[in-house]
Structures are given as structure tokens and as C-alpha cells.
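Okay, so here's the structure we're looking at.
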Amino acid sequence: MDENLIIQKNIELNNNMYVLREDLLPYSFGGNKVRKAIKFFDFIRKSSYDTVITYGSPSSNHARVIANMATMHDLRCIIITPKSNDFDTFNSVLVTYLGATMIYCSLQTVRETIEQTIEFEKQKGKKPYFIEGGGHGNLGTEAYVDAFQQILDYEKESNIVFDYIFVASGTGTTLAGLIIGDLINNSMKKIIGISIARTKERGSEVINESMKDYINEKNLNIKVLDDNLIFDDSYIVDGYGTYNKNIEDVIEEQFNKNGLPLDPTYTGKAFWGMEEYIIKNKIRNKNILFIHTGGTPLFFDYFNEKGKSK
Ligand SMILES: *Cc1c(COP(=O)(O)O)cnc(C)c1O
């Protein structure tokens with residue numbers, strides 16, 4: 001399957017705004033988890049694994065995409081999930097529909113549940129491959145080093161140079177890949193990760209670790225400076241999945257004006273964060289690329305909750 005680049009233009013914010021529509025990647029409602037999953041499954045299929053195990057919350061886009069790619073490649077799929085009460089999201093419904101085995105645990109016992117599950121599968125004679133939550137790891141990072149390269153190719157074709165790139169940042173793998181892509185190509189863009197949950201301290205630590213791992217594995221001759229990593233935690237509200245009126249307004253405005261579906265957990269939060277960042281830093285007359293990282297099922301979860309009350 002080819003990943004293609006779909007860029008939506010003319011979203012106005014006193015700058016030239018462009019949106020990289022990763023949500024339109026042609027697989028299982030798209031998103032950054034598709035690019036990452038393609039890398040993981042390319043690797044898995046070269047070996048004799050028969051089972052894929054991963055971790056994801058009920059609203060996890062990663063879990064949906066992994067469950068789907070597992071059915072496509074005829075692999076068993078086990079999703080470990082911290083589901084305490086029985087609330088369904090479109091992602092969790094799809095994961096179930098795709099026939100993945102769900103293993104529930106509390107947030108405190110995630111690591112041990114993962115280890116026990118891997119061990120149990122091995123004892124049964126299965127060959128499990130574990131993918132970190134969110135598709136974290138060098139293969140996930142690589143997916144966005146590649147995507148960055150595609151962005152540069154797009155710039156050449158279209159004669160546009162993006163000054164800024166904004167992206168929602170969770171585990172930070174996507175951001176790590178983009179920054180490494182920038183450093184490899186010496187393209188000197190400002191790449192800004194809007195944190196959707198983590199504090200600057202914790203988030204930066206994990207992203208620096210991701211970049212170090214990738215640089216070591218690939219033996220790259222690049223150096224990451226402090227200035228290269230911009231991970232802004234000013235817009236996390238009260239943490240993962242929480243949102244405010246500003247985010248709701250941005251979602252409504254972008255859908256009405258530009259037909260751009262955003263969700264409150266990831267892309268809506270990041271889009272709002274980007275708007276605030278642009279104002280705060282007085283950014284004018286620049287070419288700005290917002291990477292829409294997907295999450296279409298979360299848009300519908302939100303719509304289910306809010307749309308009815310209109
Ligand atoms: C997972 C996810 C992110 C965050 O990506 P990371 O690589 O974990 O930082 C952003 N947006 C959406 C829609 C996601 O599903």
C-alpha cells in the first residue's frame with residue numbers, strides 16, 4: 001500500500017496555512033498510527049510471528065489500526081487495555097468487531113499484564129510480537145522520518161517552503177521522526193509538538209530518548225540541540241482526553257469553515273494550541289503546515305456527545 005500526501009490549502013490564520021491530511025491515508029480511517037503500523041507489520045511479516053500484542057486505551061487509534069492490520073495479515077491480535085467501566089468508543093467497538101482479544105487491566109498493572117500475556121502466549125507455543133502503545137519505538141520514529149522526506153518532496157513539486165510544522169504530540173514518536181528528518185536534511189524548519197497530555201519535562205525526556213535510540217540504531221551523524229525540540233505543554237488542559245470551550249470552538253469552526261474534522265483529544269487540542277502559539281509568538285506571513293494525525297473515530301465520539309445537543 002502506498003501512503004500518499006494529501007495537503008489541504010488556504011486555511012486562514014494571517015499566515016498561509018496548510019494541513020497535511022494524514023487522516024485521509026487510505027487504510028482503516030488513516031492517521032499517524034497507519035504509517036507506524038505499516039513499518040511494524042513489514043518487520044513482523046519477515047519473521048515467523050503469529051500473534052501481535054499491543055496496548056491501548058478504549059479510545060486508542062493505534063489499537064484499531066493494529067487490530068485491523070492483524071486481520072489483514074492473518075495474525076492473531078491481543079489488545080491490553082485499561083478499561084475499568086464499560087464505556088464504548090468507536091475505536092473500541094471496531095477493535096472488538098475486528099476480532100481482537102481484549103485483556104483488561106488497571107492503569108497500575110499495565111506493564112505486568114503485558115509481560116504476563118507475552119509469557120502466557122509463548123508457553124502456549126505461540127510466537128508473539130509486542131508493539132509498544134502508540135506504535136512507540138524506532139520503527140514508529142522511522143515512519144515519520146520518511147513522512148518528513150515526503151513533505152520535502154512536496155515542497156519541491158509545489159514550490160512552497162514550510163517555515164513551521166505543528167503536530168499533536170502524545171508518545172512523541174511522530175515528533176521525534178519529524179525532527180530527525182529535519183536534521184538529516186538540514187532543512188531548519190521550526191517543528192512544534194503540542195502536547196496533548198504530558199508535561200514538558202516528561203514529554204521531552206521520552207522524545208529525546210526516542211531520537212537517541214533511532215540515531216544510534218541507524219548510526220546517523222547528526223546532533224540534536226536543545227533548540228531542535230519544541231514540546232509545548234501549555235495546552236494540555238487537565239491532561240489526556242480533557243478539553244475546554246476553546247477547543248470545542250476550534251472544532252466547530254474548522255468543521256464549518258473548512259470541512260476539517262478535528263477531535264478534542266488530539267487534533268482539536270493541537271489545532272487550538274497552534275492558533276494560540278501563533279498569536280503568542282506573533283507569527284505572521286509564514287507558511288505553516290499542520291499535520292492532521294487522524295482520529296476520525298474520535299471525531300464521531302465527540303459528535304455523538306455534542307452533535308445531538310445542537
Ligand atoms: C497517537 C496520536 C497522536 C500522537 O502521536 P505520537 O506519535 O504518540 O506523539 C496524535 N494524534 C492522533 C490522532 C493520534 O492517534
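The values are calculated or read from the model by the stated rules, or taken from the named source; none is laboratory data. In this text, all values refer to a predicted model and were calculated from it rather than measured experimentally. Cβ atoms come from the backbone with ideal geometry, glycine included; neighbour counts cover every protein chain shown. Side chains are part of the model used for accessible areas, which takes the heavy atoms of the whole protein and leaves out ligands, DNA and RNA. Shrake-Rupley method; radii C 1.70, N 1.55, O 1.52, S 1.80 Å.
Determine the dipole magnitude for segment 14-105: charges of +1 sit on the beta-carbon of Lys and Arg, -1 on that of Asp and Glu, nothing else is charged, the reference point is the Cα centre, and the result goes in debye to the nearest 20. Can you show the working numbers first?
Working: 10 positive and 7 negative charges, 58 e Å.
The calculation lands at about 280 debye.
So how much slack lies between Asp238 and Glu115, counting 0.36 nm per residue of separation and subtracting their Cα-Cα distance, in nm?
Numbers: separation 123, 0.36 × 123 = 44.28 nm, distance 3.02 nm.
Between Asp238 and Glu115, full extension yields an extra 41.3 nm.
May I ask for the angle, rounded to the nearest 10°, between helix 61-72 and the longest principal axis of the chain, with both axes built from Cα atoms and the value confined to 0 to 90°?
In the chain, helix 61-72 runs at an angle near 50 degrees to the longest axis.
For q = 0.21 Å⁻¹, what log10 I(q)/I(0) does segment 12-164 give under the Debye formula with an equal point scatterer on each alpha carbon and no solvent?
For segment 12-164 at q = 0.21 Å⁻¹, log10 I(q)/I(0) is -1.33.
Give me the Kirkwood hydrodynamic radius of segment 195-234, using the inverse of the mean 1/r over all pairs of distinct Cα atoms, in Å to one decimal. Don't jump to the answer; show the numbers that get you there.
Values: mean 1/r = 0.0915 Å⁻¹.
Computed over Cα pairs of segment 195-234, the Kirkwood hydrodynamic radius comes out at 10.9 Å.
Suppose all protein chains stay in the model; what accessible area per residue would a 1.4 Å probe give for the chain, in Å²? Numbers along the way, then the final one.
Values: 14740 Å² over 310 residues.
Result: 48 Å² per residue.
Based on DSSP loop calls and a cut-off of at most 16 other Cβ atoms within 10 Å, the longest stretch of the chain free of exposed chymotrypsin sites (Phe, Trp or Tyr not before Pro) is what? Present the calculation step by step, with values, prior to reporting the outcome.
On the way: sites that count: Phe87, Tyr240.
Between the exposed loop sites, the longest stretch runs 88-239.
What percentages, rounded to whole numbers, describe P(r) for segment 91-208 computed over all alpha carbon pairs with 10 Å bin width beginning at zero?
11, 31, 29, 19, 9, 1
Stick to the Cα atoms of the chain, pair each with every other, and give me the Kirkwood hydrodynamic radius in Å at one decimal. Don't jump to the answer; show the numbers that get you there.
Working: mean 1/r = 0.0503 Å⁻¹.
One over the average 1/r among Cα pairs gives 19.9 Å for the chain.
Determine one quarter of the surface area of the Cα convex hull of segment 163-310, which equals its mean projected area, and express it in nm² to one decimal. Don't skip to the answer; put the middle values down first.
Numbers: hull surface 37.6 nm².
Over every viewing direction, the Cα hull of segment 163-310 projects on average to 9.4 nm².
Could you work out the local net charge near Thr51, counting Lys and Arg as +1, Asp and Glu as -1, over the other residues with Cβ closer than 10 Å to its Cβ?
Taking every Cβ under 10 Å from that of Thr51, the sum is +3.
By how many nm would the segment from Asp42 to Leu107 grow when fully extended, if each residue of separation counts as 0.36 nm and the alpha-carbon distance is taken off?
Numbers: separation 65, 0.36 × 65 = 23.40 nm, distance 3.00 nm.
Roughly 20.4 nm would be gained on extension.
What does DSSP give for the chain in terms of the percent of beta bridges that are antiparallel, rounded to the nearest 5? Could the numbers behind the result be given before it?
On the way: 3 of 35 bridges.
Beta bridges within the chain, antiparallel portion: roughly 10 percent.
Tell me the carbon and sulfur percent of the accessible area for the chain, rounded to whole percent, probe radius 1.4 Å. Could the numbers behind the result be given before it?
Working: 7010 of 14740 Å².
Taking all protein chains in place, the chain shows 48 percent carbon and sulfur surface.
Could you tell me how far the Cα centroid of segment 185-220 sits from the Cα centroid of segment 267-300, in Å?
19
Grab the other residues whose beta carbon is less than 13 angstrom from that of Tyr243, score K and R as +1, D and E as -1, and report the net.
-4
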